[in-house]
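Accompanying notes for the structure given below.
The values are calculated or read from the model by the stated rules, or taken from the named source; none is laboratory data. Because the structure is a prediction, the values reported are computed rather than measured. Methodologically, a virtual Cβ is constructed for each residue, glycine included, from the backbone with ideal geometry; neighbour enumeration extends over all protein chains shown.
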Amino acid sequence: MKKQVVVIHGGKTFKTYQQYIDSLKNREVVVDKFKIQKEWEDSLQLELGADFEIFTPRMPNGNNAVYEEWKIWFERLSEFLNDNVILIGHSLGGIFLAKYLSENTFPKKIKAVVLLAAPFADLDAERSLCSFALPKSLNKFTDQVKIIYIIHSKDDPVVPFEQADKYKSVLPNSEILAFTDRQHFNQESFPEIIKLIKSL
């Protein structure tokens, strides 16, 4: 049986629809944002090989994400998963996994969870996590998952490194893997995560 890996991508969430519209109109963009961009998860299947089965679902409305919508789609995916799946959440995808596993019992056994550049709490007055806000207790998460990695870069301009420390404080069985120069891990290759997945 193939080893399965699920990668939940990041996204943006807003308190109101008008804030979302304002963001589309006013956020800073560069021309490359309008072109095909290759990210590290695009090459996971090739780099991990035939022993692995990689899932990279496009979560609903990533530019105006709503937790309940993501929850529905994630649960639809779970029908195709086997025991000992590895779950990776990047940015908003990371807090999605932390929230989901803290509030729900996953129907399959989880081998490990990787929280990559994941926010823990609201980043500032304007950037609220809205429906993705974590519950008071993450105990259900740690009860279900014995291997948790928190990967963060100290120069992340999107999610400050201190957010990783906050996860560590409430996930006692977790381990922080710190980088100094990867920013928000929007990169084409990620050899370290390939090595980590293979080690599991």
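Among (1) closer than 26 Å to ASN64 by Cβ; (2) crowded, with 21+ Cβ neighbours inside 10 Å, which single condition is ILE150 missing?
Result: ILE150 passes all but (1).
Identify the residue in segment 54-112 that is of a type in the set (S, T, N, Q) and farther than 21 Å from LYS136 by Cβ and, among all such residues, is surrounded by the most Cβ atoms within 10 Å (Cβ to Cβ).
Checked segment 54-112; the qualifying residue surrounded by the most Cβ atoms within 10 Å (Cβ to Cβ) is SER91.
Of all residues in segment 73-108, how many are among the β-branched types (Val, Ile, Thr), without any contact (Cβ under 8 Å) to a residue 60 or more places away in the chain and outside any helix (DSSP H, G or I)?
Residues that pass the stated criteria total 1.
Conditions first: (1) part of a loop (DSSP other than H, G, I, E, B); (2) out of contact with any Gly (no Cβ under 8 Å at 6 or more places or on another chain); (3) closer than 22 Å to SER169 by Cα. LYS111 passes all but one, so which condition is the exception?
The number of the failed condition is (1).
Any residue at all in segment 56-66 that is touching a strand residue (DSSP E or B) at 6+ places or on another chain (Cβ under 7 Å), over 25 Å from LYS146 (Cα atoms) and either part of a loop (DSSP other than H, G, I, E, B) or β-branched (Val, Ile, Thr) (or both)?
Yes, there is a match, as at least one residue in segment 56-66 is touching a strand residue (DSSP E or B) at 6+ places or on another chain (Cβ under 7 Å), over 25 Å from LYS146 (Cα atoms) and either part of a loop (DSSP other than H, G, I, E, B) or β-branched (Val, Ile, Thr) (or both).
Among the residues of segment 172-200, count how many are touching a residue at least 60 places away in the same chain (Cβ under 8 Å), surrounded by 13 or more Cβ atoms within 10 Å (Cβ to Cβ) and touching a helix residue (DSSP H, G or I) at 6+ places or on another chain (Cβ under 8 Å).
7
Considering only segment 3-19, I want to know if a residue exists there that is at pLDDT below 95, assigned to a helix (DSSP H, G or I) and either within 24 Å of PHE190 (Cα to Cα) or touching a helix residue (DSSP H, G or I) at 6+ places or on another chain (Cβ under 6 Å) (or both).
Among the residues of segment 3-19, not one is at pLDDT below 95, assigned to a helix (DSSP H, G or I) and either within 24 Å of PHE190 (Cα to Cα) or touching a helix residue (DSSP H, G or I) at 6+ places or on another chain (Cβ under 6 Å) (or both), which makes the answer no.
Considering only segment 149-165, I want to know if a residue exists there that is out of contact with any Lys or Arg (no Cβ under 9 Å at 6 or more places or on another chain), more than 20 Å from ARG127 (Cα to Cα) and free of Cβ contacts under 8 Å to residues at least 40 places away in the same chain.
Checked against the condition, which is being out of contact with any Lys or Arg (no Cβ under 9 Å at 6 or more places or on another chain), more than 20 Å from ARG127 (Cα to Cα) and free of Cβ contacts under 8 Å to residues at least 40 places away in the same chain, segment 149-165 yields no hits at all.
Tell me which of these ALA118 doesn't satisfy, since it passes every other one: (1) small (Gly, Ala, Ser); (2) under 17 Å from the mean Cα position of the chain (by Cα); (3) not in a loop (DSSP other than H, G, I, E, B).
(3)
Going by the conditions given, is SER43 touching a Gly at 6+ places or on another chain (Cβ under 9 Å), of a type in the set (Ser, Thr, Tyr) and touching a residue at least 60 places away in the same chain (Cβ under 8 Å)?
no
Pairs, please: C-beta under 6 Å, at least 6 apart or cross-chain, first residue on the phi > 0 side of the Ramachandran plot and in segment 123-147, second modelled with pLDDT under 95 and not basic (Lys, Arg)?
Once the first residue is on the phi > 0 side of the Ramachandran plot and sits in segment 123-147, its partners that are modelled with pLDDT under 95 and not basic (Lys, Arg) give CYS130/THR13.
In segment 129-172, what count of residues is obtained for those that are within 21 Å of LYS198 (Cβ to Cβ) and either at pLDDT below 95 or in a loop (DSSP other than H, G, I, E, B) (or both)?
3
Can you name every residue in segment 141-167 that is farther than 16 Å from GLY89 by Cβ and among the basic types (Lys, Arg)?
Hits for segment 141-167 are LYS146, LYS154.
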